[in-house]
1. Considering only region 165-183, state which residues are free of Cβ contacts under 8 Å to residues at least 60 places away in the same chain and either touching a strand residue (DSSP E or B) at 6+ places or on another chain (Cβ under 8 Å) or crowded, with 20+ Cβ neighbours inside 10 Å (or both).
2. Can you confirm whether region 66-75 contains a residue that is more than 26 Å from THR124 (Cα to Cα) and part of a helix (DSSP H, G or I)?
3. Considering only region 137-157, I want to know if a residue exists there that is without any contact (Cβ under 8 Å) to a residue 40 or more places away in the chain, in a helix (DSSP H, G or I) and open to solvent by 60 Å² or more (accessible area, probe 1.4 Å).
4. Filter region 66-85 down to residues that are over 13 Å from the mean Cα position of the chain (by Cα), of a type outside the set (D, E, K, R) and surrounded by 14 or more Cβ atoms within 10 Å (Cβ to Cβ) and give me whichever is farthest from LYS174 (Cα to Cα).
5. Collect the residues in region 126-136 that are open to solvent by 20 Å² or more (accessible area, probe 1.4 Å), of a type outside the set (Val, Ile, Thr) and in contact (Cβ under 8 Å) with a residue 12 or more places away in the chain, keeping them in residue-number order.
6. Do we have SER6 as part of a helix (DSSP H, G or I), among the small types (Gly, Ala, Ser) and touching a helix residue (DSSP H, G or I) at 6+ places or on another chain (Cβ under 9 Å) here?
7. Assigned to a helix (DSSP H, G or I), touching a residue at least 12 places away in the same chain (Cβ under 8 Å) and acidic (Asp, Glu), is that true of GLU122?
8. List, please: which pairs have Cβ atoms under 9 Å, are six or more places apart or on different chains, and start with a residue in region 55-67 that is among the aromatic types (Phe, Trp, Tyr) and end with one that is in a helix (DSSP H, G or I)?
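The values are calculated or read from the model by the stated rules, or taken from the named source; none is laboratory data. As the structure is a prediction and not an experimental result, all values here were calculated from the model. FYI the Cβ positions are ideal-geometry reconstructions off the backbone, even for glycines, and counts take in every protein chain you see. Surface accessibility is based on the protein's heavy atoms, side chains included, excluding ligands, DNA and RNA. Shrake-Rupley method; radii C 1.70, N 1.55, O 1.52, S 1.80 Å.
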Amino acid sequence: MSRINSDNDLLIALSQIDPLTKCLSRTESLYKLSNEIKRSFRSKNHLSILEIDIDRFKLINDEHGHAIGDEVLCSLTRSIKNLLRVNDHLGRIGGEEFIVILPETNQESASIIAERIRKEIEQTTNFAQTSNRPVRLTISIGIATLIPIDSIYSIDSLGISLLKQADDAMYRAKNNGRNQIAL
């Protein structure tokens, strides 16, 4: 019986945590986002999300190899986690794409947090200690904010809409030259 519980616990952990970066998995990130949207409507507090994408990540894998690319992803998540509050959530939603869920955070505060993260990543001199050459990064960040007013939309469709807005903003940041934030 303990083996079953142990296997179940492992499956639960694997569904909630990205095994490489140790941040939230995509599935768990979407679950947390849904819960935070509900909480936002109950508390009438803003909710913001950041979508973060590493600029030109493919070049890192091509020039340094995938093992270094994995090390970079892990270093990046540690750096971001160090800049977040206890109640914020960091998740990996794609290869080199991350989401930060910022409860009780309006657009202005989200912009300040995003710029702090962007600047820290830009100023870090090496994201791969095992590489022969230093690996520097820049990131593009899209910001979307939920203002909790009565809505005819479901929580799921609000989450999808918020993610799309953050994704669109992140692509605007990339198209405008990378290494920047966009609302």
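1. The answer is GLN165, ASP168, TYR171, ARG172, ALA173, ASN176, ALA182.
2. The answer is no; no qualifying residue exists.
3. no
4. Looking at residues that are over 13 Å from the mean Cα position of the chain (by Cα), of a type outside the set (D, E, K, R) and surrounded by 14 or more Cβ atoms within 10 Å (Cβ to Cβ), I get ILE68.
5. Within region 126-136, GLN129, SER131, ARG133, ARG136 meet the criteria.
6. Considered against the rule, which asks whether it is part of a helix (DSSP H, G or I), among the small types (Gly, Ala, Ser) and touching a helix residue (DSSP H, G or I) at 6+ places or on another chain (Cβ under 9 Å), SER6 comes out as no.
7. Criteria met by GLU122.
8. PHE57/GLY69; PHE57/VAL72; PHE57/LEU73
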